[in-house]
There are 8 protein chains.
Amino acid sequence: MKLTVYLAGEIHTSWREDIKKEAESLNLPIMFVGPQENHEVSDNIGEEIYGTQPGSIYKDDAASDLNNLRTAVMMQKSDIVIALFGEKYKQWNTAMDAASAVSLGKPLILIRPEALHHPLKELSNKANVTVETVGQAVRALGYIFE
Amino acid sequence: MKLTVYLAGEIHTSWREDIKKEAESLNLPIMFVGPQENHEVSDNIGEEIYGTQPGSIYKDDAASDLNNLRTAVMMQKSDIVIALFGEKYKQWNTAMDAASAVSLGKPLILIRPEALHHPLKELSNKANVTVETVGQAVRALGYIFE
Amino acid sequence: MKLTVYLAGEIHTSWREDIKKEAESLNLPIMFVGPQENHEVSDNIGEEIYGTQPGSIYKDDAASDLNNLRTAVMMQKSDIVIALFGEKYKQWNTAMDAASAVSLGKPLILIRPEALHHPLKELSNKANVTVETVGQAVRALGYIFE
Amino acid sequence: MKLTVYLAGEIHTSWREDIKKEAESLNLPIMFVGPQENHEVSDNIGEEIYGTQPGSIYKDDAASDLNNLRTAVMMQKSDIVIALFGEKYKQWNTAMDAASAVSLGKPLILIRPEALHHPLKELSNKANVTVETVGQAVRALGYIFE
Amino acid sequence: MKLTVYLAGEIHTSWREDIKKEAESLNLPIMFVGPQENHEVSDNIGEEIYGTQPGSIYKDDAASDLNNLRTAVMMQKSDIVIALFGEKYKQWNTAMDAASAVSLGKPLILIRPEALHHPLKELSNKANVTVETVGQAVRALGYIFE
Amino acid sequence: MKLTVYLAGEIHTSWREDIKKEAESLNLPIMFVGPQENHEVSDNIGEEIYGTQPGSIYKDDAASDLNNLRTAVMMQKSDIVIALFGEKYKQWNTAMDAASAVSLGKPLILIRPEALHHPLKELSNKANVTVETVGQAVRALGYIFE
Amino acid sequence: MKLTVYLAGEIHTSWREDIKKEAESLNLPIMFVGPQENHEVSDNIGEEIYGTQPGSIYKDDAASDLNNLRTAVMMQKSDIVIALFGEKYKQWNTAMDAASAVSLGKPLILIRPEALHHPLKELSNKANVTVETVGQAVRALGYIFE
Amino acid sequence: MKLTVYLAGEIHTSWREDIKKEAESLNLPIMFVGPQENHEVSDNIGEEIYGTQPGSIYKDDAASDLNNLRTAVMMQKSDIVIALFGEKYKQWNTAMDAASAVSLGKPLILIRPEALHHPLKELSNKANVTVETVGQAVRALGYIFE
């Protein structure tokens, strides 16, 4: 049994690499997918494909067309979604991806610092598993294969 | 044709009252529902029903049981969801409710200040309508009945 | 048993009035709903709510936000969809509404002049009933109540 | 991750070959599928299998049986649908395929000349991505794999 | 709690009247709906609305358009389906309606003479309740309200 | 907003009456439905309708036909399911009704003595709310209307 | 693209072998699956696994448990269903399989002698393709790969 | 055709090994999956990943997070579910898994001693096949491949 896991969440730290390494060291048969991690590319992809837009809202709207296309395709291919919330940033698209996963019947693992639990409590309540570290999330993935 | 509209979003301002008044002044046949707006009640409802919990995470988890029950029931009764994002707060449960609405096939109207568009761009892209003011949202509701 | 019927299709002729009159004369317990029939209002509703847009594509995109919101709400309330294709115009949104109805499991009645059958043959094949006149469509509705 | 993409739209130009070539030059792991592109075969397939029909409407109806069978099978195998609208023709089956894709939860990329945006605005609004050229569409596909 | 029950099956005997009378005598709050019971009307409704067809297959195909439209609307309004098989006739549309009900998640009550059980065994196996008489079926409906 | 609540669980104590009284005293606009509470009737309903069966397994199978019919109809009419587990009995049909509710997207409130939590932990984990007393469950219902 | 096709219908003639041979001669990449074709095995499988039953109804009920299990698994694996009706037999399980396929969104090809069209007209109306011979059905399958 | 079968039920006997051996001896192309069979690991997995919890209810709740994650992933990968009920234990999670399988449209085979049929009668009624021994269940699986 091979699994595909979508890694939703912040793109400013190396947490995706950490997860992949830990999963690899455990020989878990998992393919990880995720969003565009180059922030600039992610913000500019709309204008790159559509051409210059008449203002920042329109630029953002164009970029989100492509980012949502990418996420939609990958999430449908995924068996599990892991969503990580960091200390900074609004991360509303992370919350959106996590809630979409739940609605699509995809199991959800939430990673967040304990300090953020209060504003995430309703989402955590819908997740299958809520942990604080990348290591715990990989341990949860590993339990599926034991 | 009567509609039920769920009002997701911050509970620290009177925006729900504003929407209700404007809709009433237009004689729109709409029933509005929404979350518990008393913040303290919303935070304490878990311990009130379950009894004292052994720490804040557990207290939050208990509260979210009840808040998610309430939202689940009301959202299934709703024809449209309006989600408002304000300048403050994490509002991840608002993002969660908005994304759940989209996944359930419920039309979504997003209200946010233009300054917040960038972090909301992917969610806005999934919404049917994105506006800045309560008045615009009511105008959109009104268009359905024209 | 009361039914709600969504009337998709061109807004430049009075066919919706004709259907309503014929249904009324047969005392069919049907509520008819449909799109905004004032073409100008339909084209301008986006700018009216969002404000002036930076070009016609953006104006169109804004208008379609509202038109799709309206249609989404009404179609979910409908038991049957009637889609009429006239001699003129592209009418791609009519084809879209008709196909959406089929995908949502809503029975579809197609009205089109015989001359348009060839380009509509695949859509006609998915419809429950394909006729040439408004009178035939109302007769089909009437058969449900016989 | 390999993807299957259904190419809906006109069958009188070589746009499908163009897409395949561009995708191949980018080494995108995509299998493209689509409708019968030989117009005559597509129109006559019903009579070829069923025998001669008693008139053009019946011939069309027979042909659409087979064309819809083919599309239904292929669309269910597809991860993404690209729909291209050209300057000519009614293309109502293209609109139907595009709307069906959206209803089935398949991401949709729309290609149309800017001049056709107005009549396509509601469909464009439901698409994930709307572009003018085949090259832009392939660039959007490529973004999924970056 | 009021229920709507669709009565699928043969139209040559008065079993629907029998069910209605028995249910009424028990004061069950049930609305019964069903197909066109006038066999001739059911067979001719296609030509009546579409005009004369070029042969019996085409006449049948036209009639089934209307009969399936009627059934589709009514079955979606129904909470339960009762399907009766008699000694005569092919009754394949009864089997079709019964199987559609199961697939739509509508509870199914099957009425058939014991002698017909063998060819109906797979369908009976999917039904919630299989009985021999109209009286038993009404007794089953009554049990829901006890 | 009126709600319908299905009360799954043991039929040997008066807990359903307790819930109804408490809900009434709070003026909650709720209609309660549930299984046949007369154990003997529930066990014998199959033979009563089908006639004597050739053994206890067959008698049980016949009875469950009718009990599942009743539950299927009522659960589809319900907005919420409450499942109560008592100290005695296997109560596997209660677990079945509770799990079905979750799968159907109906919010679930679980009532069980704390001593039974261990064997119910996976089901409790899927429920929205888990409490020990009927009073707590009604309080949870009340919170929806606050 | 490889397809799996379920062959529903009578088990007393060699039509399945004919289809397989014709498909093979066209090199169609299709795996065919279907019901147990040994009539005696199909009738006795229930008693073989459960032990002797107390009468023919119970024997039939036991057999249908296993036959429906087999069909359920295979149909979910299938991309297309072909249902053949012959001159003899009630064939209600064929009608059931065909209607289930339609409800599950699986394309349906119906094979029946023209003489049987009248009683099959409503089912034919729901099928994608209706033909008279095995050869026509294989030709329709072939069209998907052209 | 290869199948994946989820084996729900008690983890204190070697019935899973027995099924695997019998299936292997028949060369059935089946992959079997199931829950964590080490009872202690299953009970402690929550605390192992989350850290020590403030009481047994919380420890159970944590463990069920992981157990339900594992089951959710595996059940979605499965074509069939087999649920075994033994003489001992509450086995409510087995009933939950079995009911979830039915609701997800996965065929269900129930294994239980005849003595337990009465409390399992409603669940048995929803199962495709109900038997007493592991051997009978494997025989049922084998019938699918005959």
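The values are calculated or read from the model by the stated rules, or taken from the named source; none is laboratory data. Please read all numbers here as calculations on a predicted model, not as lab measurements. Cβ: placed from backbone, ideal geometry, glycine included. Neighbour counts: every protein chain shown.
For region D:126-146, the set of residues classified as in a helix (DSSP H, G or I) and touching a helix residue (DSSP H, G or I) at 6+ places or on another chain (Cβ under 7 Å) consists of D:K126, D:V134, D:G135, D:Q136, D:A137, D:V138, D:R139, D:A140, D:L141, D:Y143, D:I144, listed by residue number. Residue count for region A:5-19, restricted to those that are of a type outside the set (A, V, I, L, M) and buried (at least 17 other Cβ atoms within 10 Å of the Cβ): 5. Being free of Cβ contacts under 8 Å to residues at least 24 places away in the same chain, among the small types (G, A, S) and touching a helix residue (DSSP H, G or I) at 6+ places or on another chain (Cβ under 8 Å) is a property that does not hold for F:S25. Within region D:94-146, if we keep just the residues that are in contact (Cβ under 8 Å) with a residue 24 or more places away in the chain and among the basic types (K, R), the residue that is nearest to the other protein chains (Cβ to nearest Cβ) turns out to be D:K126.
When E:I45 is tested against (1) more than 7 Å from chain G (Cβ to nearest Cβ); (2) surrounded by fewer than 24 Cβ atoms within 10 Å (Cβ to Cβ); (3) more than 15 Å from the chain's Cα centre (by Cα), exactly one condition is not met: (2). Take the conditions (1) on the phi > 0 side of the Ramachandran plot; (2) in contact with a strand residue (DSSP E or B) (Cβ under 8 Å, 6 or more places away or on another chain); (3) not polar (S, T, N, Q); D:F85 misses just one of them, which is (1). Within region D:22-39, the set of residues being closer than 22 Å to D:F85 by Cβ and loosely packed, with under 13 Cβ neighbours inside 10 Å comprises D:N38, D:H39. Exactly one residue out of H:G46, H:G135, H:G105, H:G142 is on the phi > 0 side of the Ramachandran plot and at pLDDT 95 or above, and it is H:G105.
For D:F32, the criteria (1) closer than 21 Å to G:F145 by Cα; (2) in contact with a Leu (Cβ under 8 Å, 6 or more places away or on another chain); (3) touching a residue at least 24 places away in the same chain (Cβ under 8 Å); (4) part of a helix (DSSP H, G or I) hold in every case but one, which is (4).
Scanning region E:82-115 for residues that are more than 15 Å from E:A127 (Cβ to Cβ), hydrophobic (A, V, I, L, M, F, W, C) and out of contact with any Pro (no Cβ under 8 Å at 6 or more places or on another chain) yields a single hit, E:A115.
Every residue, every condition in (1) under 14 Å from the mean Cα position of the chain (by Cα); (2) within 23 Å of C:K88 (Cα to Cα), yes or no:
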residue: D:A63; (1), (2): no, no
residue: D:Q76; (1), (2): yes, no
residue: D:I82; (1), (2): yes, no
residue: D:F85; (1), (2): yes, yes
residue: D:W92; (1), (2): yes, yes
residue: D:M96; (1), (2): yes, yes
residue: D:G105; (1), (2): no, no
residue: D:R112; (1), (2): yes, yes
residue: D:S124; (1), (2): no, yes
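Condition check for C:A8 on (1) of a type outside the set (S, T, N, Q); (2) in a helix (DSSP H, G or I); (3) closer than 24 Å to C:G86 by Cβ: one failure, at (2). Picking from residues in region F:61-93 that are of a type outside the set (A, V, I, L, M, F, W, C), part of a helix (DSSP H, G or I) and at the interface with chain H (Cβ under 10 Å from one of its Cβ atoms), the one that is nearest to E:P29 (Cα to Cα) is F:T71.
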